[in-house]
1. Enumerate by residue number the trypsin sites (Lys or Arg not before Pro) in the range 51-146 meeting two conditions: DSSP loop (anything except H, G, I, E, B), and at most 10 other Cβ atoms within 10 Å of the site's Cβ.
2. Determine the sum of side-chain charges near V116: Lys and Arg each +1, Asp and Glu each -1, restricted to other residues whose C-beta is under 14 angstrom from that of V116.
3. For the range 42-154, what is the charge dipole size about the Cα centre, in debye to the nearest 20, if Lys and Arg each add +1 at the Cβ and Asp and Glu each add -1 at the Cβ?
4. Using a Cα-Cα cut-off of under 18 Å, which aspartates and glutamates could be cross-linked to K83, ignoring same-chain neighbours fewer than 8 residues away?
5. Largest first and to the nearest Å, give the Cα extent of the range 83-154 along each principal axis.
6. May I ask you to compute the full-extension gain from V129 to I62, defined as 0.36 nm times their residue separation minus their alpha-carbon distance, rounded to one decimal in nm?
7. Find out how many positive minus negative residues lie around K86, taking Lys and Arg as positive, Asp and Glu as negative, among other residues whose Cβ is under 14 Å from that of K86.
8. Using 1/(1 + (r/R0)^6) with R0 = 22 angstrom and r between the beta carbons of A36 and L79, what's the FRET efficiency to the nearest 0.05?
Amino acid sequence: MKRFLATAASAVVLALGATAASAQSPSEQIGFGITAGQLIGGHVVYALSPGLHIGSGFGMQIQEGNNVVYFAPYAKFLLKGTKELKPFFMAQFEIASGSGTSTTGLSVSGGGEYFVTPNVGIYGQIGLVSIQFDPSVTALGLLRPSVGIEWFLD
């Protein structure tokens, strides 16, 4: 785990050092990323346009007696901002399974993504609404903050 965190920190420092004056949100490119927050996981993303990215998060939480696997398709709507910094809203359908139980739900989060280069974005987000279907739970407020980095391929 320490090696993973050191590698992720190094990637962020390297990305921050590689600034580009014309960085902006990518378009028609596939990418991948890492998210750290309540659970650490990865995601695959496709930039349909500079203002709309679709993808899916996936990950696993391993703990004694309750291993959880999750899958979360999403759509991220990037708003107008500066060329490098874009505020966004993201809607996610979440599926989690562990210890013989599974949950499904919808969530909406908001945040911002800084595009260090046209192919590297660093973001932070915080959940705003979470609706779980079974068991039925609705949460409103500042929920599950997370940060991450994503790389888009040319």
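1. When the trypsin sites (Lys or Arg not before Pro) of the range 51-146 are filtered for loop state and at most 10 Cβ neighbours within 10 Å, K80 remain.
2. -1
3. Dipole size: approximately 320 debye.
4. Reachable aspartates and glutamates: E28, E113, E150.
5. Largest first, the range 83-154 extends 42, 26, 14 Å along its Cα principal axes.
6. 21.6 nm
7. Numbers: positive: K76, K80, K83; negative: E84, E113, E150.
Net charge around K86: 0.
8. That gives a FRET efficiency of 0.40.
The values are calculated or read from the model by the stated rules, or taken from the named source; none is laboratory data. Just so it is clear, the structure is predicted and the values come from calculations on it, not from any experiment. Ideal geometry is used to build each Cβ from the backbone, glycine not excepted, and the neighbour counts take in all protein chains shown. Side chains included, ligands, DNA and RNA excluded: accessible areas come from the protein's heavy atoms. Shrake-Rupley method; radii C 1.70, N 1.55, O 1.52, S 1.80 Å.
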